[in-house]
1. Can you name every residue in the range 83-104 that is surrounded by 11 or more Cβ atoms within 10 Å (Cβ to Cβ) and within 15 Å of LEU54 (Cα to Cα)?
2. Give all pairs with beta carbons closer than 9 Å in which a residue from the range 40-68 that is without any contact (Cβ under 8 Å) to a residue 24 or more places away in the chain meets a residue that is aliphatic (A, V, I, L, M) and surrounded by 11 or more Cβ atoms within 10 Å (Cβ to Cβ); count only pairs at least 6 apart in sequence or on separate chains.
3. In the range 77-104, which residue that is under 14 Å from the mean Cα position of the chain (by Cα), of a type in the set (A, V, I, L, M, F, W, C) and in a strand (DSSP E or B) is nearest to GLY44 (Cα to Cα)?
4. Just to be sure I understand, how many residues within the range 35-76 are under 30 Å from ARG92 (Cβ atoms) and assigned to a strand (DSSP E or B)?
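None of the figures in this text is laboratory data; all of them are computed from the coordinates on show. All values reported here derive from a predicted model rather than from experimental measurement. Glycine gets a Cβ as well: all are built from the backbone with ideal geometry, and neighbour counts include every protein chain shown.
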Amino acid sequence: MGINSSKSTKKASNSFSGISPNNSLKSEESNKSYTNILVLSRMGSMFFDEDGDLAHEFYIEVPPPKKGCKATMKRVLHNLIPQGEVPYKFPRLHCDFPVILHHV
């Protein structure tokens, strides 16, 4: 169920050297790289519109069909460009890093 300390120590030391912790792993698991422990960027969740504005969602105001009715807002779903890769200000540890860090 869990990993004992000797296995976790081997994984941590091998992650810095780029060596797979167990050579008898299946082919999918043996291809897993332990060398990328830092994450430098992420995929952005925002979009650019035609004017170059950056936001999560875009809306346009739809005029009322009759005089005296309220105007409505309609969400824009076309002509949007994804933000792409966004660099982190400071590098982060990869979520699959096999060691628990604790500050004492």
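1. GLN83, VAL86
2. Filtered contacts from the range 40-68: ALA55/MET46; HIS56/MET46; GLU57/VAL76; PHE58/VAL76; PHE58/LEU80; TYR59/VAL76; ILE60/VAL76.
3. VAL86
4. So the count comes out to 10.
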